[in-house]
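The values are calculated or read from the model by the stated rules, or taken from the named source; none is laboratory data. Treat the numbers as computed from the prediction; the structure is a model and nothing was measured. With ideal geometry, Cβ positions are generated from the backbone for all residues, glycine too; neighbour counts draw on all protein chains shown.
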Amino acid sequence: MTDFLLELRSEEIPARMQKGARAELEKLFRAKLGEAGLTASAITVYSTPRRLALIAKGLADETQAVSEERKGPRADAPDKAIEGFLRSTGLTRDQLVEREDKKGNAVLFAVIETPGLATRDVLAEAIPAIVREFSWPKSMRWGAASQSTESLRWVRPLSGIVALFGEQVVECEVHGVTSGAVTLGHRFHHRGDITIGDADDYAVKLRAGHVIVDHEEREAIVRDGATKAAADAGLSLVADEGLVVENAGLTEWPVPLLGRFDAAFLDVPQEVIQLTARVNQKYFVCEDGEGHLANAFVCTANIDATDGGTALVAGNEKVLAARLSDAKFFWDLDRKTPLAVHAEKLKDIVFHEKLGTVADKVDRVAKLARWLVEEGIVGDGKPEIADLAQKAAELCKADLVTEMVGEFPELQGLMGGYYAAAEGLGPRVAAAIRDHYKPVGQGDDVPTAPVTVAVSLADKLDTLIAFFLIEERPSGSRDPFALRRATLSIIALVIRSGLKLPIERVCHVMTAVLLSDRYVIQQSAKIDTVEELAEILGDAVDTSSREKLLEEAFSPESLKDAGATSWANFGHRTTTEVLDFFADRLKVQQREAGVRHDLIDAVFALGGEDDLVRLLARVKALQAFVETPEGTDLIAGYKRASNILKKGEVSAAEQQNLSYTPEAAEKALIDSLAEAEPRARSAVNAENFEGAMAALASLRDPIDRFFEEVTVNDEDETKRAARHALLARFRAAVNQVADFSKIEG
């Protein structure tokens, strides 16, 4: 068994591409080995800014010989058929073998012996193929050959190939670069070539040339060295694993060094300082003993400087000072203009061609945020909270046009919060502006402050309903406006604060608000005329008149009316689609939380419920119940009853005409139902779903006894009908809580 070394050397490979490149190299190499019938006992892949390297352990010296047998035509077949078979196999007629088939016919067979190939030869063909098939996020052509689209594409110009099978060079050529045993060391610390003997001394010899080929070792040096540099100065490093990986990908000989910046810059928000240091310069930032940002940073040099890094640190300090000066300029400049004035510029930014500008969206969000508070859906309905929610919503997007967010888009919302606080708008407004985008994804903080929740909910509800209204719904994997994420965020907000959010009613309100916007009306082909809408809609954003408006516009009666306007029908359809979309997202969210999908379906199947908190309480109570012996037995009884009733049920009128004296087991079930039905109904109405389950649990023994002692499908038609009616009553009682037919098992 022999080891193989491959190094592909080039100009600097971007740090962000190195992880993917390592995976791609291993994948392609394994594929080429598999095609040749070879396997390696272990494969290790390394990367530095200037090279990708792979070491495969334990390769056989040659591939196995293969014997293949092909069945051909009969021996007495026409000459043309036999000649065609010979051409396909590359054999002559006398090399074929005759055998009798089951019918006694003489049939020709070709036995093709393929001798084993030297692994070195296999690798010589594989290396150019790997390089040509390599997939990079971005690649380039270079040199004179780049004039042809057939020339090699690589992330950066390829400059060297080391290919050793054992101690022997695997000879190959790619784009004018021939393989060998020679590589280069560190760009500054090592002069001349480095000759590699075999795979075992590759890392050792490169280390002697000031190159650490193992990316994980470099990451550890960066991580530990930066932590130590900060600790030596009495500080603590702000952990940033992404920055660790990036610095390791930028250096072949990493040396972390501590630098300082003017403490006056600490007046700038710490997130700005951290982003400036991180994004622009790839520096770590530090904190003091009290957890405050310190005027210190850690940079990672790529050389071991003779002066201990003094000159390097001084240069980095100058560069960071210039960057921080820009950030401070933006910070000071943005604060000179009130957020309300910044917000005026949102009129010049198109949100969507069918939904108007960002200013139009802000106006809708402010109206909905106020309505959510006034209706008691968020907070306690106090006018003060409604005013604050409206104010925060009106300013929540204002920082999008500031200089700071223009430089660092990641700070949207956050900078608005800082500017609001600096302007004296109050902590609740500032917090709402800062956090209204949250939660952004799974694991993100979920706001709970009423003002923030109102603005965040309104923002996401507007996005969701507006895009559904203009028929920009997600389909398959396509979700360009992140409506699935917005819906999951709404669900998280509702669950975290236990909000009674009537989604259907909110959809009605939001549709009315959207359709009251002249821009939306003019863009929508679904609206008959602006005048017709205005006559029916009236002042759709005035709370006192909105309920009457919605009652008239969205009631089933008005929708059935032949004279109902197309916008009302359109709004009703949108509401139905949004409700279905919420149901699907809630199922996904709950499945990921470990809730059984069949139980979710069982609760949703009841319909007529759009209160997410109440739905989830019902699902959780159901899950706890079905995992008990009582629940298991009751489900079995329910399914048995349902199967019997599939063959025919008794109508209510027929039940009243039945004159029949029940048996003891029937009487026991009737009495239990008489007690359990109202208890379960009352518990459901009080949203006490555990109590409803407890009421249903009392039916377990009576239904078991019923099936044990009673012949349901009695020959007597009256008895059979009465017992079917009783089972139907039992099924209806159970279905008060959930549709048990959806429950598996």
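Annotations
- Out of Val451, Val446, Val513, Val506, sole residue that is part of a helix (DSSP H, G or I), modelled with pLDDT of 90 or more and not hydroxyl-bearing (Ser, Thr, Tyr): Val451
- Within the range 54-88, considering residues that are more than 29 Å from Arg22 (Cα to Cα) and among the β-branched types (Val, Ile, Thr), the one surrounded by the most Cβ atoms within 10 Å (Cβ to Cβ): Ile82
- Conditions (1) in a helix (DSSP H, G or I); (2) touching a strand residue (DSSP E or B) at 6+ places or on another chain (Cβ under 7 Å); number of the one not met by Asp326: (2)
- Among the residues examined, Gly34 qualifies as modelled with pLDDT of 85 or more and either of a type in the set (A, V, I, L, M) or closer than 30 Å to Thr183 by Cβ (or both).
- Flag: Lys361 does not match the condition of being within 28 Å of the chain's Cα centre (by Cα) and modelled with pLDDT of 95 or more.
- In the range 475-500, the residues that are at pLDDT below 90 form Cβ pairs under 9 Å with partners that are of a type outside the set (Val, Ile, Thr) and assigned to a loop (DSSP other than H, G, I, E, B), at six or more places apart or across chains, as follows: Lys500/Gly376.
- Unique residue being touching a residue at least 40 places away in the same chain (Cβ under 8 Å) and either closer than 30 Å to Gln274 by Cα or surrounded by fewer than 18 Cβ atoms within 10 Å (Cβ to Cβ) (or both) when the list is Leu235, Leu184: Leu235
- The lone exception for Arg120 - which of (1) at pLDDT below 95; (2) under 42 Å from the mean Cα position of the chain (by Cα); (3) basic (Lys, Arg) it fails: (2)
- Val313 under 37 Å from the mean Cα position of the chain (by Cα), β-branched (Val, Ile, Thr) and modelled with pLDDT of 95 or more: no
- Subset tally (residues that are farther than 24 Å from Val279 by Cα and either in the same structural domain as Phe329 (by TED's automatic domain parsing) or among the small types (Gly, Ala, Ser) (or both)) for the range 395-431: 7
Residue-wise test of (1) within 20 Å of the chain's Cα centre (by Cα); (2) under 21 Å from Cys507 (Cβ atoms); (3) not assigned by TED's automatic domain parsing to the domain that holds Val378.
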| residue | (1), (2), (3) |
| --- | --- |
| Ile433 | no, no, no |
| Gly441 | yes, no, no |
| Asp444 | yes, no, no |
| Ala449 | no, no, no |
| Ile470 | no, yes, no |
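- For the range 338-356, the candidate set comprises residues that are touching a residue at least 40 places away in the same chain (Cβ under 8 Å) and not aliphatic (A, V, I, L, M); within that set, the residue that is surrounded by the most Cβ atoms within 10 Å (Cβ to Cβ) is Gly356.
- From the list Val588, Val595, the lone residue that is in a helix (DSSP H, G or I), modelled with pLDDT under 85, surrounded by 15 or more Cβ atoms within 10 Å (Cβ to Cβ) and within 25 Å of the chain's Cα centre (by Cα) is Val588.
- Single residue of the range 162-221 satisfying the filter (touching a strand residue (DSSP E or B) at 6+ places or on another chain (Cβ under 9 Å) and among the basic types (Lys, Arg)) that is farthest from Val45 (Cα to Cα): Lys205
- Answer residue from the range 375-412, given it is assigned to a loop (DSSP other than H, G, I, E, B) and modelled with pLDDT of 95 or more and is surrounded by the fewest Cβ atoms within 10 Å (Cβ to Cβ) among those: Gln412
- Across the range 123-149, the qualifying residues are those that are within 37 Å of the chain's Cα centre (by Cα) and part of a loop (DSSP other than H, G, I, E, B), and the one among them that is farthest from Arg50 (Cα to Cα) is Thr149.
- Strands (runs of 3 or more DSSP E) contained in the range 1-119 and holding at least 3 residues touching a residue at least 12 places away in the same chain (Cβ under 8 Å): 2-10, 42-48, 51-59, 66-74, 106-114
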